[in-house]
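Remarks on the structure that follows.
All of the numbers you see were taken from the coordinates with simple rules; none came from a lab. Everything numeric in this text was worked out from a predicted model, so none of it was measured. So basically every Cβ, Gly included, is an ideal-geometry build from the backbone, and we count neighbours across all protein chains shown.
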């Protein structure tokens, strides 16, 4: 068929795109906040039949909505699904592929099955697994990495480098000889949310969206953020966190500037090891906006720009689609 469907199904989000298979361009897209966690909660514990039905019904409805209810457009179509849909709380659990995993995707685990569309029509679903090491796991980011390198870009990083994928649980993925050989997970985004909502720092940073709006193009925001990056790099995170409060109490820092300072602390702690001088391999920052701007500023603050390449956010937005394009069934 001329089109296939690309699906990123995370813990708390769902994204489905109709894609032109010839050029990888997105024709139509749907987003929904119904991630696998919410659907799993609807399933009676241990009832595999109910679980299958809940997930199949949801995907079927989303597919039909994307083609304006024209079921004929779906018959025989392929849907490639990555992310938490293949996890223990997802549609069907698939075992992780174990590193090293090639950037051609050849040793990725996958399962193909039919999705009943009604009236005798079926779509073909290809469910993709995640990747594991002896101590780490990821589902979804590996498909983005395959997509980033699918067209031969960033060849030096593919041979011997590190990809930085910021997010709620940031991943630093080591590449050697066009293989994913190792990776580490940093709970940077989740730590920020927990500290800002439940710790003693809550009063200092305020709630998201409160205070005067600002961004990293503003001098004060940049200064607060970069100070946080440097402080975490020099003093370590545990010793630095309480400074978010003391800056408010003793120096009169606003909640907006304190949020930027805390963000800088956490991102600075995440990337501190990259500036230890022990490694000189190239770095590739692969982040959506606005995380792209924050991580770029942090990496520059720690003088890592000479080793750094960046994926434009618009290109990063297509990474999963290009990974799915590579891994879709050949016929």
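With both residues required to sit in region 3-139, DSSP beta bridges show an antiparallel share near 70%.
The Kirkwood radius of region 69-198, taken over pairs of alpha-carbon atoms, gives through the Stokes-Einstein law at 20 °C and 1.002 mPa s a diffusion coefficient of 131 µm² s⁻¹.
Principal-axis analysis of the Cα atoms of the chain puts helix 219-235 at an angle of about 90° to the longest axis. If a/c stays under 1.5 just call it rounded; otherwise compare a/b with b/c (prolate if a/b is bigger, oblate if not). Do that for region 27-122, with a ≥ b ≥ c from the square roots of the Cα gyration tensor eigenvalues. It comes out oblate by the Cα gyration axes. Rounded to the nearest 10 degrees, the inclination of helix 291-301 to the longest alpha-carbon principal axis of the chain is 40 degrees.
Spin-label model, residue 23/residue 220: points 7 Å from Cα along the beta carbon direction are separated by 4.6 nm.
Counting other Cβ atoms within 10 Å as a rough exposure proxy, the listed residues 266, 302 run 302, 266 from fewest neighbours to most. As a proxy for reagent exposure, 129, 75 were ordered by neighbouring Cβ count within 10 angstrom, fewest first; the result is 75, 129.
Distance from the alpha carbon centroid of region 100-143 to that of region 1-37 works out to 14 angstrom. Length gained on full extension, residue 53 to residue 88, computed as 0.36 nm times the residue gap minus the Cα-Cα distance: 11.0 nm.
Summarising the strand pairing of the chain, around 65 percent of its internal DSSP beta bridges are antiparallel. If R0 is 35 Å, the Cβ-Cβ spacing of residue 275 and residue 197 corresponds to a FRET efficiency of close to 0.70.
Ordering 172, 3 from the fewest to the most neighbouring beta carbons within 10 Å gives 3, 172. Measuring nothing but how far apart in sequence close Cα pairs (under 8 Å, 6+ apart) lie, relative to its length, the chain scores a relative contact order of 16 percent. For the Cα atoms of the chain, what angle does the longest principal axis make with the long axis of helix 188-198, in degrees from 0 to 90, nearest 10? Helix 188-198 sits at roughly 70 degrees to that axis. The alpha carbon gyration tensor of region 248-331 gives principal lengths a ≥ b ≥ c with a/c of 1.5 or higher and a/b no greater than b/c, which makes the shape oblate. Shape class of region 186-314 from the alpha-carbon gyration tensor: prolate, with a/c at 1.5 or above and a/b greater than b/c.
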